[in-house]
Amino acid sequence: AKFVKVTTIYVNNVIKTELVEKYRKSTNRLVLLDYDGTLVNYAPIPDKARPSEYLIDILIKLVDKPQTKIFIISGRGHQDIDKLLGHLPINIIAEHGAVIKENGVWEDQIIDNGVWKKSVIPILNQISLTCPNSFIEEKHFSLTWHYRNSEQQSGYDHSRELISILENIIHSFNLKILDGNKAVEIMTREIGKGKAVK
């Protein structure tokens, strides 16, 4: 099987034309699409970032193409993304690769008892108290502190403080920090979108 790797799509007619041509000529297609910030815009509350009917229609058309395999990749919890896209016959990589839904079946990709959360949640709670309009999201395999609704500079400053504090404890729990789009996420080192894609 020959796959065409495309890492960046520019809204340039030459690049678009080339991409469409390569897509049409390929015999097997693997399409990897990120959810938040790509398929849907970021929203002040993650639950509000829902796919449009137009997007759903496009995904259905892609899924129906012969020799085409589609994966939606997301940092969201698998139950959350399943509520949004689970009605489609589509494969999903959730929680940055910790859980994968393929052919309609969800499977954990790692083992994590979540004991580390007891040490991290109090730190996130403290930062949330000092940064108005920030909030904590707990997923099965990770914790996320969101500051997109906070005053911009305050949110950023608090995120730097949080990362500095977390860096002192993550090694003892084999954790890593993702410094995302107005969010700081903590998870085990074994999780990774790249690993899941492979």
Exercise for the section: Pairs of Cα atoms under 8 Å, at least six residues apart: use those to get the relative contact order of the chain, whole percent. Expected result: 15 percent
Problem - Principal-axis tilt of helix 117-130 within the chain, Cα atoms, nearest 10 degrees - result: 80 degrees
Practice task
Using a 1.4 angstrom probe on the protein heavy atoms only, line up Arg189, Arg160 by accessible area, largest first.
Solution key: Arg189, Arg160
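Give me the percent of accessible area attributable to carbon and sulfur for the chain, probe 1.4 angstrom. Mind showing how you got there, number by number?
Numbers: 6170 of 11810 Å².
Result for the chain: 52 percent of the exposed heavy-atom area is carbon or sulfur.
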Problem - the chain: angle of helix 53-63 to the longest principal axis, Cα-based, in degrees nearest 10 - result: 60 degrees
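If you put +1 on each Lys and Arg Cβ and -1 on each Asp and Glu Cβ, how big is the dipole of the chain around its Cα centre, in Debye rounded to 20? Walk me through the intermediate numbers first.
On the way: 26 positive and 24 negative charges, 176 e Å.
My answer is approximately 840 debye.
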Problem - Distance histogram for the chain (every C-alpha pair counted, 10 angstrom bins, percent rounded to whole numbers) - result: 8, 31, 33, 20, 8, 0
Exercise for the section: Take every Cα-Cα distance within region 74-121, group them into 10 Å bins from 0 onward, and report for each bin the whole-number percent of pairs it holds. Expected result: 26, 48, 20, 5
Problem - Crossing angle, helix 13-25 versus the chain [Cα axis fit, 0-90 degrees, rounded to tens] - result: 70 degrees
Exercise for the section: Please give the solvent-accessible surface of Tyr42 in Å², to the nearest 10, using a probe radius of 1.4 Å with every protein chain present. Expected result: 110 Å²
Exercise for the section: Can you give me the three principal axis dimensions of region 66-161 from its C-alpha atoms, in Å, biggest first? Expected result: 51, 30, 20
Exercise for the section: Could you pull out every residue, at least 5 positions away or on a different chain, whose amide H is within less than 5 Å of the one on Arg29? Hs are placed 1.01 Å off N in the peptide plane, and Pro or chain starts have none. Expected result: Thr68, Lys69
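The values are calculated or read from the model by the stated rules, or taken from the named source; none is laboratory data. Just so it is clear, the structure is predicted and the values come from calculations on it, not from any experiment. Here Cβ is always computed from backbone atoms with ideal geometry, including for glycine, and neighbour counts include all displayed protein chains. Heads up: the accessible areas ignore ligands, DNA and RNA and are worked out on the full protein's heavy atoms, side chains in. Shrake-Rupley method; radii C 1.70, N 1.55, O 1.52, S 1.80 Å.
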